[in-house]
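The values are calculated or read from the model by the stated rules, or taken from the named source; none is laboratory data. Note that the structure is a prediction, hence the values are computed from the model and not measured. When we count neighbours, we look across all protein chains shown, and the Cβ atoms used for this are built from the backbone with ideal geometry, even at glycine. Just so you know, the surface numbers come from the protein's heavy atoms only, side chains and all, with ligands and any DNA or RNA stripped out. Shrake-Rupley method; radii C 1.70, N 1.55, O 1.52, S 1.80 Å.
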Amino acid sequence: MSEYIQLIYDRIEFLEFKQDILFLKQPQHKASEFYDLTFNNFLDMKNFTKSFEERIYNGEILSIDNYEKELFDICPSIKSYPSSSILIAKALMNENTFNSLFANYN
């Protein structure tokens, strides 16, 4: 696939990601932290989430805390939003991986 077409796909995924965040967030919460996310922030989070999932599939024992810590290292501005790591994981992760990772979270 050409770089131009990949860029278009990535931009569409970025728009879908922002839309998913708006749909998944709690109604009483504002999502202004996500408004400031750049395309490069999104690509970094997407690539990190993909590699995190691969690490889980390869048998590495990882937790919510691992995901959250590494995610906040990538994009510190989202720390101030309650449950930001859950929203991002829900929007970017495979559903089965998300369910297994966050099964004990409450």
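What percentage of all Cα-Cα pairs in the stretch 10-65 are separated by more than 19 Å? Provide the component values of the computation, followed by the final result.
Details: 665 of 1540 pairs.
When every Cα pair of the stretch 10-65 is considered, 43 percent fall beyond 19 Å.
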Heavy atoms of LYS25: accessible area, 1.4 Å probe, square angstrom to 10: 40
Go ahead and run the numbers for FRET between LEU24 and ASN99, Cβ-Cβ distance against an R0 of 22 Å, rounding to 0.05. 0.90
Around PRO76, what is the net charge, scoring Lys/Arg as +1 and Asp/Glu as -1 over all other residues with Cβ under 14 Å from its Cβ? -4
Accessible surface of the stretch 3-102 [probe 1.4 Å, protein heavy atoms]: carbon and sulfur percent: 52
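For the stretch 3-102, with every protein chain kept in place, what is the accessible area per residue (1.4 Å probe, Å²)? It would help to have the intermediate numbers written out before the result.
Working: 6270 Å² over 100 residues.
The answer is 63 Å² per residue.
Work out, step by step, the length gained on full extension between ASP36 and TYR57: first 0.36 nm times the residue separation, then minus their alpha carbon distance; give nm to one decimal.
Working: separation 21, 0.36 × 21 = 7.56 nm, distance 3.17 nm.
Stretched out fully, the ASP36 to TYR57 stretch lengthens by 4.4 nm.
With the Cα gyration tensor of the chain giving a ≥ b ≥ c as the square roots of its eigenvalues, does the rule (a/c under 1.5 for rounded; else a/b larger than b/c for prolate; else oblate) give rounded, prolate or oblate?
Details: a/c = 1.69, a/b = 1.10, b/c = 1.53.
Oblate, because a/c is 1.5 or more while a/b does not exceed b/c.
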Within the stretch 3-102, how many Lys pairs sit with Cα atoms under 19 Å apart, leaving out pairs fewer than 8 places apart on the same chain? 18
Determine the dipole magnitude for the chain: charges of +1 sit on the beta-carbon of Lys and Arg, -1 on that of Asp and Glu, nothing else is charged, the reference point is the Cα centre, and the result goes in debye to the nearest 20. 300
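Given the Cα-Cα distance of SER77 and SER2 and 0.36 nm per residue of separation, how much length would full extension add, in nm?
Numbers: separation 75, 0.36 × 75 = 27.00 nm, distance 3.22 nm.
So the chain would gain 23.8 nm between SER77 and SER2.
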